[in-house]
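Chemist: This is the structure I have questions about; it appears just below.
The values are calculated or read from the model by the stated rules, or taken from the named source; none is laboratory data. None of these values were measured; they are calculated from a predicted model. Here the Cβ positions follow ideal geometry from the backbone for every residue, glycine too, while neighbour counts run over all protein chains shown.
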Ligand SMILES: Nc1ncnc2c1ncn2[C@@H]1O[C@H](COP(=O)(O)OP(=O)(O)O)[C@@H](O)[C@H]1O
Ligand SMILES: [Mg+2]
């Protein structure tokens, strides 16, 4: 079976800037795929080329087996696109808004109202979109993208400007959408978001995809030590050093907590347990930020 | 699906318009206020009324009023207590003339502060005396004077500026509406969102045209409803209905200007400024604010390159001057030609987004 999205050697330059510089990847059916990278990495450009909004300088893109460019009327009803929270008709209520989008696709008003319920906006249905909170507007925007029940959904930084609570609520919604069997492609500059939501992520920087794969596999691959920390004063740095064994661990004690970096956490943990020094225990594995650091040699800064 | 797109887009645009207080104020309320204002100021310019104050018994006036009831339409007569008080009133301008009768002499005292009224009061009273003389002589009049205004009798001020102000309201409504919608939809990416929906550009533009025409016809209906109130006294001439196709073509012409501005401008502020820069001078030079008949020559000449001129004079011809329906055809042709030209440029300059 062919991939839902297949991108090969995509290039797009703006003047001297190679916004997308030889990008290739595939997205399979039902997958939750993330493009992760700092601002200016080329995520939006890549996504909009796949959506058929921009024409690539070179490279091939097929979406659901059809070429993405030029704009293909047959493709449009099968994809849903969320561009930006404020892409609404002025001065319409949330319900009028989604019903308008529904009718553009020939979808009855009833389905539109149901979709409003799905994203939890029934109560705000009569509210003008200008009056919605950031999170509510974002959810309406996603609802408008989903109203015609597309197989494939594109989301460009859906949690970009949201507060932490609104972000978590939106994550729940996105998981729910993915569970319903749709293929979802999302861009984000939040590492935690990609790690939490995506089946597979592509890490992008300066127009190139540095690495792609399941977040856990990417993290495992860099083979970074696990950081274990407990309260200061339970064991001395010396004792702790012995616990790390031969694992070339590194011990630091800042007077508040004592941290041990190790590639053999099992030994360290059981050692600490034997010394009855587990108070305030925290175990931190490597994250995608470490992956980014190891790939680029730079700290990750969104 | 195309049809659904057209009607739901039209609905969305219409709701967006009627809920936009600023748009309602600028396209309907403000022009109507202008109409009310000018309508009240110039209400009497074509038939000024004369106020006379009579001191004592003025037999001649009483007879004249009996003989010609129409006289009371232009003459209001009050009674003064004394000659001195009456003269003071005339000096102040509260009355246009003081009259008293000494035997067979009708005495008129008037002020030349308002020369028009001074002339009028002299000639009205002169003709009353003449009529009385004639009646006394018992002879039928040998010579009569048939005098009438050179302007069409019905062409009162309201007849000039109803089409003028309406033309301005239509022009700015259509141009601003198109320019602002285009820019704001591009700014908030709605245009691109629509591009990814299965609706054609034809449905989007068609809906916008439909809404602009609907708004224009509402403006027209409001204007005519107010101007034809007896208080303002607009009298539509027989071929006034020809103003409807004229208005539609005018809206197309000004929409094309708006679309061109919307294609060029990057922000709503820029779009507003550019549209103002185009529409305002046109309102002054195209006969909307200053009737071209009274305008200096250079304005008349400049007006020929302004599409607003054709909309305004075309409406005046069929709505107020009593010309036939065919008189609007040249204006319609010019407006449509203008639409095609500017519309074609706008299409070439059109951008879906800022990229
Ligand atoms: N329309 C454009 N014109 C000029 N440069 C652009 C345009 N779109 C994107 N770029 C440039 O391409 C690069 C990638 O941009 P973008 O795809 O928006 O990144 P991201 O979405 O990852 O933040 C940036 O350097 C940006 O300045
Ligand atoms: Mg982006």
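Chemist: What tally of residues in the range A:77-115 results from selecting those that are at the interface with chain B (Cβ under 9 Å from one of its Cβ atoms), assigned to a helix (DSSP H, G or I) and surrounded by fewer than 21 Cβ atoms within 10 Å (Cβ to Cβ)?
Modeler: Residues in the range A:77-115 being at the interface with chain B (Cβ under 9 Å from one of its Cβ atoms), assigned to a helix (DSSP H, G or I) and surrounded by fewer than 21 Cβ atoms within 10 Å (Cβ to Cβ): 1 in total.
Chemist: Sticking with this one: Among the residues of the range A:162-169, is any at pLDDT below 90, within 12 Å of the chain's Cα centre (by Cα) and farther than 20 Å from residue A:19 by Cα?
Modeler: Yes - at least one qualifying residue is present in the range A:162-169.
Chemist: Just to be sure, is residue A:20 buried (at least 22 other Cβ atoms within 10 Å of the Cβ), away from ligand 2 (no atom under 14 Å from the Cβ) and either at positive phi or assigned by TED's automatic domain parsing to the domain that holds residue A:192 (or both)?
Modeler: Here the answer is no, as residue A:20 does not meet what is asked.
Chemist: Another question, if that's okay. Can you name the residue in the range A:38-62 that is part of a loop (DSSP other than H, G, I, E, B) and under 17 Å from the mean Cα position of the chain (by Cα) and is also farthest from ligand 2 (Cβ to nearest atom) among such residues?
Modeler: In this case the residue turns out to be A:38.
Chemist: Continuing with the same structure: When the range A:173-208 is examined, which residues are found to be more than 19 Å from residue A:30 (Cβ to Cβ) and not in a strand (DSSP E or B)?
Modeler: A:189, A:190, A:191, A:192, A:193, A:195, A:206, A:207
Chemist: Same structure, new question: Can you spot a residue in the range B:271-286 that is closer than 30 Å to residue B:188 by Cβ, touching a residue at least 24 places away in the same chain (Cβ under 8 Å) and surrounded by fewer than 18 Cβ atoms within 10 Å (Cβ to Cβ)?
Modeler: Scanning the range B:271-286 turns up at least one residue that is closer than 30 Å to residue B:188 by Cβ, touching a residue at least 24 places away in the same chain (Cβ under 8 Å) and surrounded by fewer than 18 Cβ atoms within 10 Å (Cβ to Cβ).
Chemist: Okay, next question. Kindly check whether there is at least one residue in the range A:143-151 that is surrounded by fewer than 16 Cβ atoms within 10 Å (Cβ to Cβ) and farther than 26 Å from residue A:212 by Cβ.
Modeler: yes
Chemist: Can you tell which of B:26, B:14 is within 14 Å of chain A (Cβ to nearest Cβ), in contact (Cβ under 8 Å) with a residue 60 or more places away in the chain and under 30 Å from residue A:97 (Cβ atoms)?
Modeler: B:14
Chemist: Sticking with this structure for a sec: When the residues of the range A:119-174 are narrowed to those that are within 16 Å of ligand 1 (Cβ to nearest atom) and within 30 Å of residue A:64 (Cα to Cα), which ends up farthest from the other protein chains (Cβ to nearest Cβ)?
Modeler: This residue is A:159.
Chemist: Scanning for something within 14 Å of another protein chain (Cβ to nearest Cβ), out of contact with any strand residue (DSSP E or B) (no Cβ under 6 Å at 6 or more places or on another chain) and not in a loop (DSSP other than H, G, I, E, B), does the range A:16-25 turn up at least one residue?
Modeler: Within the range A:16-25, one or more residues are within 14 Å of another protein chain (Cβ to nearest Cβ), out of contact with any strand residue (DSSP E or B) (no Cβ under 6 Å at 6 or more places or on another chain) and not in a loop (DSSP other than H, G, I, E, B).
Chemist: Please verify whether the range A:177-187 includes one or more residues that are within 12 Å of residue A:94 (Cα to Cα) and either within 16 Å of ligand 1 (Cβ to nearest atom) or buried (at least 21 other Cβ atoms within 10 Å of the Cβ) (or both).
Modeler: no
Chemist: Counting only residues that are over 30 Å from residue B:242 (Cα atoms) and away from ligand 1 (no atom under 16 Å from the Cβ), which one in the range B:330-355 is surrounded by the fewest Cβ atoms within 10 Å (Cβ to Cβ)?
Modeler: Checking each candidate, the answer is B:348.
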